[in-house]
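Q: Input: one structure, supplied below.
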Amino acid sequence: MADGAAVKGHACLLSIFLLAAALGTSDLAAQSPTKPGFTEAEIKAAFISHLLGFISWQDQRLPSIVCVVRADATSRALTSILGAKKGLSAELRVVGSREKSRDCDLLYLNEGTMDLPDWQPQENLLTVGDTAGFAEGGGMVEFQRIANRIGLIINTRALDAAGLTASSRLLSLASVLAPSAAAP
């Protein structure tokens, strides 16, 4: 029975994740007050919160600490989402350096924070960024703006190096940077 509940829980998460993926960010500055929708920051926050259910940590633990390098609209939306999610006891922390991110399970490197001199991948830490080239540069999950939508690029080599595994469902929704045949 517990396995059935877990499957239903993951199916629900996948549905919400797919909904967030399907919702365009539209041109948010041009969005009228009468047109319902979500801001880009809210969509990114939804993606971040749902990633926790689609990534497995090598020690089988449930992630509980989500960190951002600096506070912004996405971190404010993420605070609301994490506080409202039933069954998820994750807290949000604002960190300014790698040293402060040691206890984090997920680290969101906001736009413009990739130039931090001490940012380096570490074991059991899922890194998410929204700067172009983040995944190619060693990050694990990159938000990719495609017209008026948000997509994901996943670097499976970086995930493997950190001891993390993405579900096949997540990989099917993303562009995947897989190790090349010539890679060691």
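Throughout, read-outs are computed from the coordinates displayed, never taken from laboratory work. Keep in mind that what you see is a predicted model, and the values were worked out from it rather than measured. Counting neighbours? That spans all protein chains shown, and the Cβs are built from the backbone with ideal geometry, glycine included.
Q: Full extension from ASP160 to ASP103: what is 0.36 nm times the residue separation minus their Cα-Cα distance, to one decimal in nm?
A: Computed gain between ASP160 and ASP103 is 18.6 nm.
Q: If you don't mind, there's one more thing I want to ask. Once the Cβ-Cβ distance between GLU136 and LEU62 is put in as r, and R0 is 35 Å, what FRET efficiency do you end up with, to the nearest 0.05?
A: E(calc), rounded to 0.05, equals 0.75.
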